[in-house]
Amino acid sequence: MAAVAQNIKCSHCGAPVDFKAGEIIATCKYCGFTTVIQTGVAFTFDHSVLLNKFDQTQIETPIKAWMQSGFLKPVDLAKKSKITEKSLVYLPFWVVSVEVKTTYKGIFERITPAIVKDGKIEREYNWLVLARKASDFPTREYNIPLEGKVPYDFRKIEGFARVLNSEVDRDSALELARTQIETHHRFLLQEDVDKIIESRTEISLKQMVYLHAPIWFITYKYKEQTFQLLIDGATGTAIRGDIPSSKFGLL
Ligand SMILES: [Zn+2]
């Protein structure tokens, strides 16, 4: 795999393209050209980016704001914490825009006698699939601010940031989205009926966009323990953060 990697050059500017084993779609850091690694062919889908609004100093404002908000946190968290790492990473996502229709027949048992009920659930989603395999990134907790997306422009990527390539191709991302949406709709069904007799989910694809989103990976220390925090670089919103338990805070 390493031998293959050394031979890949950007077909647009000729610069060497960095990628690691398992990565499928790579973006040239010199010109922003996006290529499918296996074939070297230009990536023909929309490639967007969400812009980061913070530098290494500015990001401390949303970090402190997160530490000071919410009553689950130790009261001295913002004051006593030390930020030990602030890394900006552009994570690759597939945004799968779909219309979904589930029709079903089931038994509603919450009244006596139970009745057979037919129904329909219609939804539209911009379903987010992280294009990395090994990651515990909380995709479902991330309310991605899609309204801010612009065409990918390498000149807007900060020199100190890392851009991760995709390990998931378009077809696999679509398949993943389908499976996750079907599971989600089965969950929605269970709010309407107690036993499902039959159900059918139709998913029509409207659009798929490949997108890089700026995520700040923060590490902080509080009372000698290390905690992680993820912040959306486009909005400053905390996506997920470890909170020292209040019991711990009393030690
Ligand atoms: Zn290039």
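Here, each number is a calculation from the coordinates, and none is a lab measurement. Here the structure is a predicted model, which means the values were calculated and not measured. All Cβ positions, glycine included, derive from the backbone under ideal geometry; neighbour counts span all protein chains shown.
Residue-by-condition table, conditions (1) of a type in the set (A, V, I, L, M); (2) over 21 Å from ILE37 (Cβ atoms):
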| position | (1), (2) |
| --- | --- |
| TRP94 | no, no |
| LYS101 | no, yes |
| THR112 | no, yes |
| TYR125 | no, yes |
| GLU141 | no, yes |
| TYR152 | no, no |
| VAL168 | yes, no |
| GLU175 | no, no |
| GLN190 | no, yes |
Among residues belonging to the range 26-50 that are farther than 19 Å from PHE93 by Cβ and more than 13 Å from the ligand (Cβ to nearest atom), point out the one that is surrounded by the fewest Cβ atoms within 10 Å (Cβ to Cβ). THR39
Exactly one condition in (1) among the aliphatic types (A, V, I, L, M); (2) over 24 Å from THR139 (Cα atoms); (3) in a loop (DSSP other than H, G, I, E, B) is false for ALA78; which is it? (3)
If you go through LYS73, LYS20, the only one that is touching a residue at least 60 places away in the same chain (Cβ under 8 Å), under 23 Å from PRO214 (Cα atoms), touching a helix residue (DSSP H, G or I) at 6+ places or on another chain (Cβ under 8 Å) and in a loop (DSSP other than H, G, I, E, B) is LYS20
Every residue in the range 179-225 that is over 30 Å from SER245 (Cα atoms), β-branched (Val, Ile, Thr) and not in a helix (DSSP H, G or I), please. VAL193, ILE196, ILE197, THR201, ILE203, VAL209
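Filtering the range 52-77 down to residues that are buried (at least 17 other Cβ atoms within 10 Å of the Cβ) and more than 19 Å from THR235 (Cβ to Cβ), which residue is nearest to the chain's Cα centre (by Cα)? Spell out how you get there, then give the answer.
Keep residues of the range 52-77 that are buried (at least 17 other Cβ atoms within 10 Å of the Cβ), which gives 52, 54, 59, 62-63, 66-67, 73-74, 77.
Checking the rest, the ones that are also more than 19 Å from THR235 (Cβ to Cβ) come to 73-74, 77.
Details: LYS73: 25, PRO74: 29, LEU77: 27 Å.
Within the range 52-77, the match that is nearest to the chain's Cα centre (by Cα) is LYS73.
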Would you say ILE111 is surrounded by fewer than 14 Cβ atoms within 10 Å (Cβ to Cβ) and more than 21 Å from ASP242 (Cα to Cα)? yes
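Per-residue answers, yes or no, for (1) outside any strand (DSSP E or B); (2) more than 15 Å from ILE218 (Cα to Cα):
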{"site": "CYS13", "(1), (2)": "yes, yes"}
{"site": "THR35", "(1), (2)": "no, yes"}
{"site": "ASP55", "(1), (2)": "yes, no"}
{"site": "ALA65", "(1), (2)": "yes, no"}
{"site": "VAL89", "(1), (2)": "no, no"}
If we keep only residues of the range 95-122 that are free of Cβ contacts under 8 Å to residues at least 40 places away in the same chain and in a strand (DSSP E or B), then the residue nearest to ILE196 (Cα to Cα) is ASP118
